[in-house]
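Quick note: the coordinates plus some simple rules give every number you see, no bench work behind them. Given the structure is predicted, the values throughout are model-derived calculations rather than measurements. Using ideal geometry, Cβ is built from the backbone for each residue, glycine included, and neighbour counts are taken over all protein chains shown.
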Amino acid sequence: MTPAKPPQASTTESTPQRTFDHRCIWCDSISHSRRIDCTEFKEAMQKRLITINADNRIINATTGEEVPPMFRRGGMKKMVALITNTPMIAFY
Ligand SMILES: [Zn+2]
């Protein structure tokens, strides 16, 4: 039995910790973790497959619906390829 830890708030950092790897939300690559570093993301933006809404989320430019993250499953790229039926996006 381990004693329950008292709820002590850490005052040093307010940054939320996430448990998943630093993967690109768009292409699921681990070589970069930010979408602004992702050339494929920029390409999809230029082709108007996706856009960014007021909440800074990636949405389907056609339907306006948010694209769910697909970490470890090909990234949003795969999801957008499915929902937009766009062959320009390579499948894994
Ligand atoms: Zn990427």
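So the values come out like this:
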| read-out | value |
| --- | --- |
| Quotient of Cα Rg and 2.2 N^0.38 Å for the stretch 21-84, N being how many residues it contains | 1.00 |
| Test item: Cα-centred dipole of the stretch 21-84, Lys/Arg +1 and Asp/Glu -1 on Cβ, debye | 120 |
